[in-house]
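A.B. asks: Let me give you the structure first, and then I'll get to my questions.
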There are 2 protein chains.
Amino acid sequence: MPPEKKRMSISVKTRVRDAEATKLRILEAAKKEFSKNGLEGARVDAIALDAKANKRMLYHYFKSKDGLFRTVLEREYLNIRTEETKLDLENLPPRAALETLVRFTWEYYIKNPEFITLVNSENLCQAVHIKNSPTLRTVSQKFIRRIQALLDREVRENVFREDIDAAQLNITIASINYYYFTNRFTGAVIFERDFTSPEALQERITFNIETICRLVCKN
Amino acid sequence: MPPEKKRMSISVKTRVRDAEATKLRILEAAKKEFSKNGLEGARVDAIALDAKANKRMLYHYFKSKDGLFRTVLEREYLNIRTEETKLDLENLPPRAALETLVRFTWEYYIKNPEFITLVNSENLCQAVHIKNSPTLRTVSQKFIRRIQALLDREVRENVFREDIDAAQLNITIASINYYYFTNRFTGAVIFERDFTSPEALQERITFNIETICRLVCKN
DNA sequence: TGTGTAAGTAACTACATGGTGCATTACGCG
DNA sequence: CGCGTAATGCACCATGTAGTTACTTACACA
């Protein structure tokens, strides 16, 4: 082969073959496609095309469409929990800690709209992909224990009600934020309002913080 | 043809051809299939088979897969609003009216699990099917006005807070119930509990009523 | 009792789908 | 330098898919 051809291809991309980079491009493309069209609606050809990878690679790295979906989903769960860990809840006063948690959830959904539709897809197929994920289990346990600790601390300080279960609280915080976004399209029709205008968003997050504070705090 | 054959077929089914019955069978089968597998995952062949109808009839009555989905969805929305209308909220004391409304939503989701997944599918495709439905618009407006009237009455009687928006309240009531069911599969993995055991259900509905009462009522 | 119309059927098509077999090529390592 | 292995690409397959064509059959009504 002519040496100048090789030099050229090297100068354009420093590494023609980069397994990690390819994997990542596939995962990003898959995240987009799965979240946009659901698990069944997603097309592996579309993912490969968008990832600028050959479809063969997709099967090489992830075995199957479901294997790819599983990986995407696990990464997403890992990501939200990692971000959550960064919140400095322990050193905030009780109401502020609570508000921070609610606001974090809200903003995470805004910044990562894919998360919601991916989770919806996973629930449609009854969580088959994550059912036996040890990673997810570990990370979830840590997360719940943290919220429980927060609750316990504030109960001791006589700010929060005593009978609140951390799981129920978490479900409630997630629900009032999650539902608003996942159902914003049918919601727009039913309530005849734009769910995503800055004013609507502002109104809703304020309402949600109020909901949670009233639920948890002693009055 | 031999006359006894005709008599027999009449004695088995009084009407061999019944357009309305066929339509209904198709709609019921479609509701099952769409809610189980989503819009993209649903198979028209499976619907036709389950409905004991020929696939051609499906296209004859509903034009397309999407047309069928649209009809299913509209019927479901109509159904929940009709059931809701039967609640005698106007003649109940304030807290009882609120509790009745929350409990109705909860129980409706339990009795009609298909509703939730159908709505999820519709939101995945950005509500294209119901976007311009006049029926849905009418029925939704009526529903919101009713809740607003309830709020207004109780504000006058000084039981509820004054600044509650009916739409925000409705969204919140729906969310804390809806989310619990739609995410029960991933929830079971994350929270390591059975979301559908009688005890879990009891605990959650109690928690939800408490959440809404604390949100709306003056303390 | 005959007939037009609507209900119903089976076989089919054109195409898109997830997934593979196999050849090729780049790169790291000795 | 060269060689084995992992990365990549191409062409292909079997099957499943929504939707249709062309036909038959039951029933309401005259």
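The values are calculated or read from the model by the stated rules, or taken from the named source; none is laboratory data. Quick caveat, the model's predicted, so the values are computed rather than measured. Virtual Cβ from ideal backbone geometry, glycine too; neighbours counted across all protein chains shown. For accessibility, only protein heavy atoms count, side chains too; no ligands or nucleic acids. Shrake-Rupley method; radii C 1.70, N 1.55, O 1.52, S 1.80 Å.
A.B. asks: Looking only at region B:16-43, which residues are assigned to a helix (DSSP H, G or I), within 12 Å of DNA strand D (Cβ to nearest atom) and open to solvent by less than 20 Å² (accessible area, probe 1.4 Å)?
C.D. replies: B:Ala30, B:Phe34, B:Gly38, B:Gly41, listed by residue number.
A.B. asks: Let me ask another. Filter region A:173-187 for residues that are within 7 Å of chain B (Cβ to nearest Cβ) and surrounded by fewer than 22 Cβ atoms within 10 Å (Cβ to Cβ); which is nearest to the chain's Cα centre (by Cα)?
C.D. replies: Across region A:173-187, the extreme among qualifying residues is A:Ala174.
A.B. asks: For region B:66-91, which positions are free of Cβ contacts under 8 Å to residues at least 24 places away in the same chain and either within 16 Å of DNA strand C (Cβ to nearest atom) or not in a helix (DSSP H, G or I) (or both)?
C.D. replies: Those that are free of Cβ contacts under 8 Å to residues at least 24 places away in the same chain and either within 16 Å of DNA strand C (Cβ to nearest atom) or not in a helix (DSSP H, G or I) (or both): B:Gly67, B:Lys86, B:Leu87, B:Asp88.
A.B. asks: Here is a list of conditions, (1) within 14 Å of another protein chain (Cβ to nearest Cβ); (2) loosely packed, with under 14 Cβ neighbours inside 10 Å; (3) more than 16 Å from DNA strand D (Cβ to nearest atom), and B:Thr85 meets all of them except one; can you say which number that is?
C.D. replies: Result: B:Thr85 passes all but (1).
A.B. asks: Please find, among A:Val189, A:Val155, the residue that is assigned by TED's automatic domain parsing to the domain that holds A:Leu118, hydrophobic (A, V, I, L, M, F, W, C) and out of contact with any helix residue (DSSP H, G or I) (no Cβ under 7 Å at 6 or more places or on another chain).
C.D. replies: Selected residue: A:Val155, the only one of A:Val189, A:Val155 that is assigned by TED's automatic domain parsing to the domain that holds A:Leu118, hydrophobic (A, V, I, L, M, F, W, C) and out of contact with any helix residue (DSSP H, G or I) (no Cβ under 7 Å at 6 or more places or on another chain).
A quick yes/no check of all residues on (1) closer than 28 Å to A:Pro94 by Cα; (2) facing chain B (nearest Cβ under 7 Å); (3) open to solvent by 20 Å² or more (accessible area, probe 1.4 Å):
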{"position": "A:His129", "(1), (2), (3)": "no, no, no"}
{"position": "A:Arg146", "(1), (2), (3)": "yes, no, yes"}
{"position": "A:Asn158", "(1), (2), (3)": "yes, no, yes"}
{"position": "A:Ile171", "(1), (2), (3)": "yes, yes, no"}
{"position": "A:Pro198", "(1), (2), (3)": "yes, no, yes"}
{"position": "A:Cys213", "(1), (2), (3)": "yes, no, no"}
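A.B. asks: On to the next question. Of these, B:Lys63, B:Lys111, which one is within 30 Å of B:Asp18 (Cα to Cα), within 16 Å of DNA strand C (Cβ to nearest atom) and away from chain A (no Cβ under 14 Å)?
C.D. replies: Working: B:Lys111 fails: within 16 Å of DNA strand C (Cβ to nearest atom).
Just one listed residue meets the conditions, B:Lys63.
A.B. asks: For region A:92-198, give me every one of the helices (runs of 4 or more DSSP H) that falls completely inside it and has 2 or more residues that are among the hydroxyl-bearing types (Ser, Thr, Tyr). Quick ask: steps written out before the conclusion?
C.D. replies: Values: elements: A:94-111, A:113-124, A:134-156, A:166-182, A:184-191.
Of the helices (runs of 4 or more DSSP H) lying wholly inside region A:92-198, those with at least 2 residues that are among the hydroxyl-bearing types (Ser, Thr, Tyr) span A:94-111, A:113-124, A:134-156, A:166-182.
A.B. asks: Would you mind stating whether B:Arg70 is within 14 Å of chain A (Cβ to nearest Cβ), open to solvent by 40 Å² or more (accessible area, probe 1.4 Å) and either within 16 Å of DNA strand D (Cβ to nearest atom) or in contact with a Cys (Cβ under 7 Å, 6 or more places away or on another chain) (or both)?
C.D. replies: Values: within 14 Å of chain A (Cβ to nearest Cβ): yes; open to solvent by 40 Å² or more (accessible area, probe 1.4 Å): yes; either within 16 Å of DNA strand D (Cβ to nearest atom) or in contact with a Cys (Cβ under 7 Å, 6 or more places away or on another chain) (or both): yes.
Considered against the rule, which asks whether it is within 14 Å of chain A (Cβ to nearest Cβ), open to solvent by 40 Å² or more (accessible area, probe 1.4 Å) and either within 16 Å of DNA strand D (Cβ to nearest atom) or in contact with a Cys (Cβ under 7 Å, 6 or more places away or on another chain) (or both), B:Arg70 comes out as yes.
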